[in-house]
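Notes for the one structure printed next.
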Amino acid sequence: MEDSKIVERFWERDETALSAVSEKYGKYCTTIAWNILGDEQSAEECLQDTLLKLWETIPPKRPTELQPFVGRIARNIALNALKARDAQKRGGGEAALLLDELSDLPSGEHNVEQLAEQHEMLDAINSFLFSISAKKRIVLVLRYWHCYSIADISRVVGISEANVSNIIKRERKKLIEHLKKRGY
Amino acid sequence: MDKINFLQLFGEIDDKIVRQANSVLNLYQESQEGVSFRADYSRRSLWKTVIASVAFTAAAMFGVFVLLLNVGKIRLGGGTEQSGHGGSPVSSDIGSASSETVDRSESSDSREPVMVSIHLMMYWNDRDSFNKLTDQGMALKDEKIYSYFADCPILENCTVKVKGKNNFPDKQLEFSSTGRIDFKATTNETLIGFEAEMTVIDPEKPARAIVNIYSYPEDQSGSSA
């Protein structure tokens with residue numbers, strides 16, 4: 001079913017919209033959640049929470065494309081669940097490795113909870129991502145947006161794991177420099 | 001900065017960027033579904049061959065059994081008719097039937113299906129190319145010429161060139177549109193490999209190609225040297 005028709009059903013408060021989303025993007029959401037949380041049950045719960053959140057969000061929102069919209073909700077729910085866990089229990093998911101990788105992030109006094117600053121920083125991240133080649137951009141997004149493992153990225157984009165690791169390492173370093181230059 | 005907050009912030013990046021990565025993921029998933037379909041096809045072909053071989057062997061054994069019975073009868077009969085027609089025509093029949101059985105059996109072995117699938121997809125703006133080697137194939141003992149066909153059911157925004165990795169196709173295999181190319185290849189390797197190279201036409205659009213290489217499962221002459 002087309003995204004626009006699914007969104008229309010949400011607006012009509014037709015509950016079949018939920019099954020349509022689950023059928024079309026359920027696997028996509030659970031993969032992201034599983035990548036972050038590392039266990040099937042949590043990923044499944046995350047999908048249910050995502051559907052609930054969608055029901056609450058549409059309306060008033062009317063996304064033109066559902067996949068990034070749904071994926072973003074699933075991702076945020078999974079990251080919130082991760083936050084709620086004890087640090088020692090993080091081990092199962094790809095997120096533990098991701099968080100280790102990000103230990104060299106700028107630790108300035110800026111509080112990302114502040115909306116204005118978040119927007120500025122987001123603009124900086126977007127401008128960086130648009131400035132690099134599509135290949136590198138996709139590798140970074142699969143790593144930090146979809147939280148895929150190095151091995152999975154290697155399979156998806158058809159390049160070696162060593163190559164994927166090198167791209168991530170180099171581009172992350174560049175991104176951090178890019179953010180530091182802008183005072184973050 | 002809190003790392004999880006950073007990941008959450010990263011989740012808010014421009015939709016265009018996420019869409020691009022999603023399209024690569026979607027292509028990958030579609031191609032994986034294609035693989036399982038083709039794997040099923042391969043198994044079916046293999047089972048067909050196995051069933052055909054078993055049926056043929058059973059038929060051959062039955063034939064030999066009937067012939068042996070006939071020989072017995074003829075010998076018995078010949079014993080009774082020794083002074084009459086003689087046994088030589090019957091003996092030559094037995095000989096030809098036996099050699100035909102051996103020939104067919106060899107032919108059946110060499111007609112085991114070979115199937116390799118090469119899946120390529122790209123979405124780069126820096127015009128990259130890569131190779132994927134197959135790791136499937138049948139055990140080939142002697143250098144022979146085998147008949148194949150390369151089938152390209154999906155070709156979007158690219159051209160694909162296929163080369164033999166450890167075999168020698170008799171012609172260039174280049175696809176600029178979907179279709180099929182028949183070719184013969186010489187090899188004596190136990191595993192047969194092909195190498196495919198994709199050239200993207202428009203680097204801003206996703207490109208993908210699937211190339212399947214099949215042997216002729218029903219080909220009688222293709223397996224001959």
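The values are calculated or read from the model by the stated rules, or taken from the named source; none is laboratory data. Because the structure is predicted, anything quoted here is derived from the model rather than measured. Because the Cβ atoms are built from the backbone with ideal geometry, glycine has one as well, and the counts that use them run over all protein chains shown. Protein only, heavy atoms only, side chains kept; ligands, DNA and RNA dropped before computing areas. Shrake-Rupley method; radii C 1.70, N 1.55, O 1.52, S 1.80 Å.
For beta carbons closer than 8 Å, sequence separation of 6+ or different chains, a first residue in segment A:156-169 that is without any contact (Cβ under 8 Å) to a residue 24 or more places away in the chain and a second that is open to solvent by 60 Å² or more (accessible area, probe 1.4 Å), the qualifying pairs are A:G158/B:K132.
Of all the residues in segment B:6-44, those that are of a type in the set (V, I, T) and at pLDDT 85 or above number 3.
Mind telling me which of the residues A:L51, A:L18 ends up being open to solvent by 30 Å² or more (accessible area, probe 1.4 Å) and either touching a residue at least 24 places away in the same chain (Cβ under 8 Å) or touching a strand residue (DSSP E or B) at 6+ places or on another chain (Cβ under 9 Å) (or both)?
Values: A:L51 fails: open to solvent by 30 Å² or more (accessible area, probe 1.4 Å).
Unique residue meeting the criteria: A:L18.
The residue that is least open to solvent (accessible area, probe 1.4 Å), counting only those in segment A:120-148 that are facing chain B (nearest Cβ under 9 Å) and free of Cβ contacts under 8 Å to residues at least 12 places away in the same chain, is A:A134. Residues in segment B:1-16 that are open to solvent by 30 Å² or more (accessible area, probe 1.4 Å) and outside any helix (DSSP H, G or I) were compared, and the one that is farthest from the other protein chains (Cβ to nearest Cβ) is B:D2.
The criterion of at least 2 residues that are within 13 Å of chain B (Cβ to nearest Cβ) and either at pLDDT 90 or above or touching a Phe, Trp or Tyr at 6+ places or on another chain (Cβ under 9 Å) (or both) is met, among helices (runs of 4 or more DSSP H) falling completely within segment A:18-117, by A:66-84, A:94-101. Of all residue pairs spaced 6 or more apart or on separate chains, those with beta-carbon atoms under 6 Å, a first member in segment B:190-205 that is surrounded by fewer than 16 Cβ atoms within 10 Å (Cβ to Cβ) and a second member that is part of a loop (DSSP other than H, G, I, E, B) and modelled with pLDDT of 75 or more are B:I201/B:N157; B:D202/B:N157; B:K205/B:N157. Working carefully through the options A:L175, A:L129, A:L122, A:L179, find the one that is under 22 Å from B:V200 (Cβ atoms) and modelled with pLDDT of 80 or more. Going through A:L175, A:L129, A:L122, A:L179 in turn, the sole match is A:L129.
Scanning segment A:23-52 for residues that are under 16 Å from the mean Cα position of the chain (by Cα) and of a type in the set (K, R) returns a single hit, A:K27.
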